[in-house]
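S.K.: What follows is a structure written as C-alpha cells; I'll ask about it next.
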Amino acid sequence: MTKQAALEPLPRGRHGLTREQVVQSQRSRIFRAMAETMAQKGYAATSVADVLRSAKVSRETFYEQFESKEDCFMSALEAATDVVLAQAFATPPAGGTPLERFDGGLRTYLDALAAQPELSRLFLIEVYAAGPAALERRAAVQKRFAHVLDATFGRKTAGDRFANEAIVAATSSMVTARLAAGDLKGLRALRRPLVELARRLHGG
C-alpha cells in the first residue's frame, strides 16, 4: 500500500485488503487528520469529532484503536517522529569532515520538516498543549539528537556535550518559530547559520 493510498478512505464492500492493511489505512488517516486539524485549531480546540470528520472514520473505529484524544495524539507523535525526524537521527555516514556530516544531516532534517509541515507542527508546537507525557517524549527525542551530534563531532569533554545541547536547543527554537509563522522558505534557510554555529562551537 502506498503512502497516498493509506490516506484515502477505504472502498465500500469487499476490497481484498487484510485486517492489518485496513488498520494501517485507518491509523494513517486519523494521524493525518489530527495533524491537519490541530494545525488549524490547536490541540485544545480539536475534538475527537473533528478528527473523525476529517479522517472519514467512525467513532467506533477510533475507540477500537485509541483510548482518548491524548492517546491518539501520543501515537501520532510517535508517527511524526518516524516520518519527519527518523532520518535526521540515523547514524552519521562515514566519510567527510564532522561539519560536512552535520551539514548533510541538518539539510535532511529541515527538508523533512518543510515537506511535512502539519506533522512538524504536531511535534514541535502542539506538543506544548498536550501535557507532560508528550513533553517528555519530545525531550527524549532532543536527547537522541544530542547523542547523534556527540557521535558526529566526537565528545571528549563536558564542554563538547554542552555545545551539542546548545546546537539542539538553537535548532529547536528557530525551527519552531519558522513553523509557527508558516515560513517554510525561512525554515530551510536556517541551514547555513546553524552550520556556522556548529563550526564556531566545534571548529573546522
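Taken together, the values in this text are just the output of simple stated rules run on the coordinates, not laboratory data. No experiment lies behind these values; they were computed from the predicted model shown. Because the Cβ atoms are built from the backbone with ideal geometry, glycine has one as well, and the counts that use them run over all protein chains shown.
S.K.: For the chain, with a Gaussian network of springs between Cα atoms less than 10 Å apart, report the residue from 186, 104, 95 with the top mean-square fluctuation.
M.R.: So, out of 186, 104, 95, the one fluctuating most is 95.
S.K.: So what's the net charge close to residue 143: Lys and Arg +1, Asp and Glu -1, counting the other residues with Cβ under 15 Å from its Cβ?
M.R.: Charge balance near residue 143 sits at +2.
S.K.: Oh, and also: Taking the 0 to 90 degree range and rounding to the nearest ten, how far is the long axis of helix 69-80 tilted relative to the main principal axis of the chain, both from C-alpha atoms?
M.R.: 50
S.K.: Report, in degrees rounded to the nearest 10, the 0 to 90 angle that the Cα long axis of helix 98-115 makes with the longest principal axis of the chain.
M.R.: Value to nearest ten degrees: 30.
S.K.: Given only helices, namely DSSP H runs of n ≥ 4 each adding -39500 (n - 2.57), what is the per-residue ellipticity at 222 nm of the chain, to the nearest 500 deg cm²/dmol?
M.R.: -22000 deg cm²/dmol
S.K.: Chymotrypsin sites (Phe, Trp or Tyr not before Pro) within the range 115-204: which are DSSP loop residues with at most 16 other Cβ atoms inside 10 Å?
M.R.: Listed in order of number, the matching sites amount to none.
S.K.: Scale the Cα Rg of the chain by the rule-of-thumb value 2.2 N^0.38 Å and send over the ratio, two decimals.
M.R.: Against the empirical 2.2 N^0.38 Å value, I get 1.14 for the chain.
S.K.: Could you compute the net charge surrounding residue 157? Neighbours are other residues with a C-beta less than 14 Å from the C-beta of residue 157; K and R count +1, D and E count -1.
M.R.: Summing Lys/Arg as +1 and Asp/Glu as -1 gives 0.
S.K.: Another one. Once phi is turned into ³J(HN,Hα) by the Karplus curve 6.51 cos²θ - 1.76 cosθ + 1.60 with θ = phi - 60°, what whole-Hz value does each residue of the range 57-66 show in order, with x for glycine and proline?
M.R.: The phi angles translate into 10, 7, 4, 4, 4, 4, 7, 5, 10, 9 Hz.
S.K.: Say we join alpha carbon atoms closer than 10 Å with springs in a Gaussian network model of the chain; which of 127, 23, 168 then has the biggest fluctuation?
M.R.: Top of the fluctuation ranking is 23.
S.K.: Using a/c under 1.5 as the rounded threshold, could you call the range 99-204 rounded, prolate or oblate? The axes a ≥ b ≥ c are square roots of the C-alpha gyration tensor eigenvalues, and prolate needs a/b larger than b/c, oblate otherwise.
M.R.: Note, shape of the range 99-204 comes out oblate.
S.K.: Now for a different question. Kindly write out, for the range 26-42 in residue order, the coupling ³J(HN,Hα) from the Karplus curve 6.51 cos²θ - 1.76 cosθ + 1.60 (θ = phi - 60°), rounded to whole Hz, with x marking Gly and Pro.
M.R.: 4, 5, 4, 5, 5, 5, 5, 5, 5, 4, 5, 5, 5, 5, 8, 10, x
S.K.: Loop only per DSSP, at most 14 neighbouring Cβ atoms within 10 Å: give me the trypsin sites (Lys or Arg not before Pro) in the range 105-170, ordered by residue number.
M.R.: Passing sites in the range 105-170 are 156.
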